[in-house]
Amino acid sequence: MEGVVNLQLSSKSVGVFEAFYNSVKPIQLISSNIEVAKAGKIPGGKTEIPFEFPLHTKGNKVLYETYHGVFVNIQYSLRCDMRRSLLAKDLSRNCEFIVHCQPQKAKVAPTPVNFTITPDTLENTRERSLLPKFLIRGHLDATHCVISQPLTGEVVLENSDVPIKSIELQLVRVETCGCAEGYARDATEIQNIQIAEGDVCHGLSIPIYMVFPRLFTCPTLETTNFKVEFEVNVVIVLHDDHLITENFPLKLCRV
Amino acid sequence: MAAVQWRSRGRNYEAELQRCRPEVALVEFGDYHPLKPIMVTDTKTRHGARKGSTSSSSSSSSSVPPDPLSSMLDGTDPLSMFAAASASETPAISRSASAGDLGRKRKEKEEEAVGADFEPWSSKRGEILARFTTTEKLSINLFMGSDRGKAPSPGSSAVSEKVRTRLEELDDLEEGSQRELLNLSQQDYANRIEELNQSLKEAWASDQKVKALKIVIQCSKLLSDTSVIQFYPSKFVLITDILDTFGQLVYDRIWSMCSDPRPLPDSFTVDDVNDTAKETCLNWFFKIASIRELLPRLYVEAAILKCNRFLNKSGIQETLPRLTAMIKGIGDPLVAAYTRAYLCRVGVEVAPHLKDSLNQNFFDLLGTFRQIGGESVRKQLALQRVEAPEYLTLYSPAISWILQCIAYRAPEPLLTEMMERCKKLGNNALLLNSVMRAFRPEFVADRATDFIGMIKDCDEAGFPKHLLFGSLGRSLACADPPESERLTILNEAWKVITKVRSPRDYVNCAEIWVEFTCRHFTKREVNTILADIIKHMTPDRAFEDAYSQLQSVIRKILTYFHDFSVLFSMERFLPFLDMFQKDSVRVEVCRSIMEIFIKHQLDLTRDPVILNAMLHICKTMHDSVNALTLEDERRSLALLIIGFIRMVSFGRDFEQQLSFCVEARATFCNLEPVLVQLIHTVNQLAMETRRVMRGSHSRKTAAFVRACAAYSFITIPSLSSIFSRLSLYLLSGQVALANQCLSQADAFLKAAVSILPEVPRSISVEGKLRSSESFLLDFTNNFLAMLLVVPDHPEHGVLYLVRGLLNMVQDYTWEDNSDAKVRVYVSALPLLAAMGQETYVYSVPKVDSNETLYGGDPKFLSEINKLCETLIGQILDHLKVLGRDEGTRRQGALAFSLFGVLLAHGDLRNNKLSQLAVNLWNLSHKHGHCEPRVSVRTLEFVKHQAQQPDMSHLSDTVQRLTLQSRT
């Protein structure tokens, strides 16, 4: 049995070659070996051999939840090897298993976050004067989210000069890896969920609803070597392909 | 063989009859007797609360003591028990039952499930497909294998959405899985969708769950495409079929996963579901939750809504409102409306008790109503060149469905509230239309005047008013508005309807209102409406495109007007019929009128109005018959016409009746069964005349019955079926004889004999070729029986007809190897024996048979005996031939029947005859083919006969008849 955190540097934050050479050493969280069956003959037919492992971590490491990301991967696996006599090849089979942390006892009180988007609230625009007028209001029920519960909230398109093409929720992970030259921070998309399509009715509240996908999300992690954080973007695409994005950092936990 | 001398036994028919009569026993009153009326005591349980039971009480009280059958049943007979049960059942089924105190007990049950009175989606389906069609070219755009939005793509967010989509499409192209099918006709499109449905099932069966899901997602994505908008409702129907299939597949799969040891009960709870099944189910929901686009996500989640039952109790309850809210995110109002319709459909199916989300759906729909007139919709319509009224009608299936779900068993206040909300939206015609269609007809009927007011206030531009009146009419056809308002309603409605320009729209609307008119008004109003329809439909032969509606008008009128004198006195009815100018349709209409006529015209009629009209209708039907008409078709037409002819009676005006028959014969000459019926009618007429005259005709009536006979005589030859000709000749001959038309009777019988040789050896009976032998035998026997009373023709020889018949029988080419000829001979013997009697066994009143003509003349008798001897000679010859061949069984049977004849009719005092009888007996027993039981009984009979006075000679014969043991 083995548990590993794989860290990889993005080629964007450091150079291609550095990324290749400087790849960070994997962090082993857990590793143990047991013999499930003594040497001997296994009779023909189906044989089931029971086994169990205690989950003892290596040294003072912590068992993190299973997480599949781009630059950070936390993976647990079981490998079974069967050594055989000289003439036959050894057999081996790998299997991943998933680790969920014990839920934390603490209850999180949801604190709604309101937002309003108008042309004036936007940063990072080149020509503010060319922007059409619009007013979008809304709220997220919480930014401190329980991972097993959906992200909820609502958006209201109060008015807009230009018809809306689509409103989407973009779930983004922010992975930070520490390495010799400091650290690398990368944001990548996990999933994109459309919540409105076409020119929606003005003044109607459109629900925000997103289920956190399994495997690709885990409770927000902060360790000395790496960090896994999540953010959600409310993306509004106008008919003339203007992209309006409102970013909300999230804190995920398991309750 | 020496000729056998025949002597007939003298018979005293009176005495024989007396002997045969059983002794009369008086039955004491009150004794058990099987025919005594069975008394049914009325024990219908009358439950106080069950009012409005429509079963008529079946009580019959009589003072007769209870009979054993009913007393055994504790006084409740099973039939009336059923009646009582069904009487209490009916109100639950009928919608109109006052639900108040009736269904309170059932109410809880009803709320759980959707009852039979809920019009299911499947019935709407076909209607929508037929209604929303297009001739434009369609396209299907499928990105199979594109995982957009499904698997999280590791691409960086920095790459813009657009670029990434492009890249993905490129990938897809490489896989060769992107398909864009252009220029599809509507039928092609439906076929493609069906193909997809099939490939979904295949993929599922071959365990390619991901592929199956992809198909479903791609299909539901098609629903966001509103190009060729006229086709959208049909597209929705086609694609939701796929979704339904998918939902069912997923549900069944999870179901089978947890029914491992034994199948789950229907009412399973979450606890019955095992973890694997739960995990699989959850997995589906996670997968679906990550579908990128809104519309497929909504549709697919709705499709598997039912699977929530596996996960938790309140799943459906929580999901429905969420999905309802999510629909708000759909920008296109038409797409949103149909998504709501689908959600409601699934909701009603899975959780009929959850009404709130239905209502919420409707209110949301009302909330987004302003979008319909919005900028983007208008742009789209302009682009597609679709008119606003046509666009609005596209909504009606969706809205009607949602309203139907809401209105189903909804309390009155809710409906009123809905109506108020609609009013607030400025009497939106589209809504109004759906409200009228979806709400209970009673509800609409009670407020008919209000509705008319609202319809009038509606905006003319949006939604055509005739459709509104059509919907109103449909409700009023099922439920009655208050009596005082009816005329105003009709007037108001018709004022608008008559102004509709397009004949198609007009007739659609008018057809609906005919029902209301027929229900509540008299022929005057209906006539006016018919006149109006004729006026609208005649220009430019508009009726040609509206046959089905016009037919339905006729049908509706016929349902309410069963009195044909009233019906035909409507001036416009026949002109209305003239509008059906296509032959097949016209015949169809005539047929339906005839069917109603036969069903509901109970009294005979001579009303000239009815007769003229019906003759006209029947003639139309008759004239449609041609060489290509199918046999069944002919038969059914003939039956209908016969039904009409039987209803015609001029009472005692026999001559007019006859002239009617003459006319009918000329009119319906192509349908044989009708001719046969006419001959029967005329024969009946002759007998009726005889009855009226008490058997003795005056000069006038004698001439009349001769005319009747003449009618039959010239009609019969035109029939092609030989056996109907034969039997009609015989029958008409009997009638003629009964009416003392001797020469006519003679002519009939002669004609019958003369066509005997024409009888084919085989005839087709119900499509199969069968030998005609048995029919012919039946006929000759019948004929022989008749011949007894026919007096000989003075100009011809003795027994002219009998000889004629026997000659024909002899010359007839019988089937090879058949005894039929000899059997005729055997059965001719009793006739000849009967003819030799002093008094005949039966006679026709006022007709002198041969008994009186010859008065037992010895010449006559010897003539008879000679004939008998020839016959017996022939029979014996035949027996001999049979003995030579392998026909011993037939020989035995024939010999036995001849023995029977001898015994019954021959004078066995004559030694030769008695010897012959004994020989025949022995012959029939020689090969042991005789049924011993029959032999024993025959012997017993002979012994019994021997005890009768002047039959003692038989006892000698009995001595010589020996029974053979089976061996």
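Within a Cβ distance under 14 Å of B:Phe704, other residues only, what is the Lys/Arg minus Asp/Glu net charge?
Numbers: positive: B:Arg652, B:Arg690, B:Arg691, B:Arg699, B:Lys700, B:Arg706; negative: B:Asp653, B:Glu655, B:Glu688.
Summing Lys and Arg as +1 and Asp and Glu as -1 gives +3.
In the frame of its principal axes, segment B:831-872 has Cα extents of 33, 17, 12 Å, reported largest first.
Applying Stokes-Einstein at 20 °C and 1.002 mPa s to the Kirkwood radius of segment A:113-253, computed over alpha-carbon pairs, gives a translational diffusion coefficient of 132 µm² s⁻¹. Volume per residue for chain A equals 209 cubic angstrom (convex hull of Cα atoms). Ranked by the mean number of other Cβ atoms within 10 Å per residue, highest first, peptides B:597-606, B:549-558, B:583-592 order as B:549-558, B:583-592, B:597-606. Let me make sure I get this right: for segment B:507-638, a, b and c are the square roots of the gyration tensor eigenvalues over alpha carbons, sorted descending. Under 1.5 in a/c it's rounded, otherwise prolate if a/b > b/c, else oblate. Which is it? Cα axes put segment B:507-638 in the oblate bin.
Determine the shielding of peptide B:321-328 by partner chains: average, over its residues, the number of Cβ atoms on other chains within 10 angstrom of each Cβ. List each step's numbers first, then the result.
Details: counts 1, 4, 2, 1, 6, 6, 2, 11.
That works out to 4 on average.
Could you list, bin by bin from short to long, the percent of Cα-Cα pairs of segment B:877-931 in 10 Å steps? Reading upward from the zero bin: 28, 51, 20, 1. Ignoring any ligand, DNA or RNA, what whole percent of the accessible area of segment A:113-253 comes from carbon and sulfur when the probe is 1.4 angstrom? The nonpolar share, carbon plus sulfur, comes to 47 percent. Think of segment A:113-253 as a dipole: +1 on every Lys or Arg Cβ, -1 on every Asp or Glu Cβ, centred on the Cα centre; then among A:Ser166, A:Pro132, A:Thr152, A:Thr152 lies furthest on the positive end. Take segment A:113-253 with all the other protein chains still there, run a 1.4 Å probe, and you get 42 Å² of accessible area per residue.
Under the classification rounded if a/c is under 1.5, otherwise prolate if a/b is larger than b/c and oblate if not, where does segment B:552-609 fall, given a ≥ b ≥ c as square roots of the Cα gyration tensor eigenvalues? Numbers along the way, then the final one.
Numbers: a/c = 1.76, a/b = 1.48, b/c = 1.19.
In terms of gyration-tensor shape, prolate.
Neighbouring Cβ atoms from other chains, within 10 Å of the Cβ of residues in A:207-214, number 5 on average. Entry comment: accessible area of segment B:518-608 is 50 Å² per residue, from protein heavy atoms only and a probe of 1.4 Å.
So what is Rg over Rh here for segment B:491-571, counting just Cα atoms and using Kirkwood for Rh? Working shown, then result.
Details: Rg = 12.1 Å, Rh = 12.8 Å.
With Rg and the Kirkwood Rh in hand, the quotient comes to 0.95.
When both segment B:218-294 and segment A:199-255 are represented by their alpha-carbon centers, they are found 27 Å apart. Taking 0.36 nm per residue of separation and subtracting the current Cα-Cα distance, fully stretching the chain between B:Val386 and B:Glu815 would add 146.7 nm.
Spatial offset of segment B:304-319 relative to segment B:913-949 amounts to 88 Å, using the alpha carbon center of each.
Within the shell defined by Cβ-Cβ distances under 14 Å, the residues around B:Cys868 carry a net charge of +2, with Lys and Arg each +1 and Asp and Glu each -1. Distance between the 7 Å Cα→Cβ label points at B:Ser843 and B:Leu17: 1.3 nm.
If Lys and Arg each add +1 and Asp and Glu each add -1, what is the summed charge of the other residues whose beta carbon sits under 11 Å from the beta carbon of B:Glu672? Numbers along the way, then the final one.
Details: positive: B:Arg634, B:Arg635, B:Arg725; negative: none.
Local charge sum for B:Glu672: +3.
Association of chains A and B removes close to 2600 square angstrom of accessible area from solvent, both sides included, for a probe radius of 1.4 Å. Partners of B:Lys523 within straight-line reach, counting lysines whose Cα lies under 23 Å from its Cα and excluding those fewer than 8 residues away in the same chain: B:Lys495, B:Lys499, B:Lys535, B:Lys556, B:Lys599.
Excluding ligands, DNA and RNA, what is the solvent-accessible area per residue of segment B:223-312 at a probe of 1.4 Å, expressed in Å²? It would help to have the intermediate numbers written out before the result.
Numbers: 3180 Å² over 90 residues.
I get 35 Å² per residue for segment B:223-312.
The Cα atoms of segment A:31-123 cover 76, 32, 30 Å along the three principal axes, with the biggest extent listed first. Cross-link reach is defined here as a Cα-Cα straight distance under 27 Å, omitting same-chain residues fewer than 8 places apart; for B:Lys211 the lysines meeting it are B:Lys150, B:Lys162, B:Lys201, B:Lys221, B:Lys235, B:Lys278, B:Lys287, B:Lys306. Counts of other chain beta carbons within 10 angstrom of each beta carbon in peptide B:284-292 average 4. In straight-distance terms, cross-link reach from A:Lys25 covers every one of the lysines whose alpha-carbon lies under 20 Å from its own, apart from those fewer than eight places away in the same chain; here that gives A:Lys12, A:Lys58, A:Lys61, A:Lys227.
The values are calculated or read from the model by the stated rules, or taken from the named source; none is laboratory data. The model shown is predicted, which means the values in this text are computed figures rather than measured ones. With ideal geometry, Cβ positions are generated from the backbone for all residues, glycine too; neighbour counts draw on all protein chains shown. Accessible surface areas use protein heavy atoms only, side chains included; no ligands, DNA or RNA. Shrake-Rupley method; radii C 1.70, N 1.55, O 1.52, S 1.80 Å.
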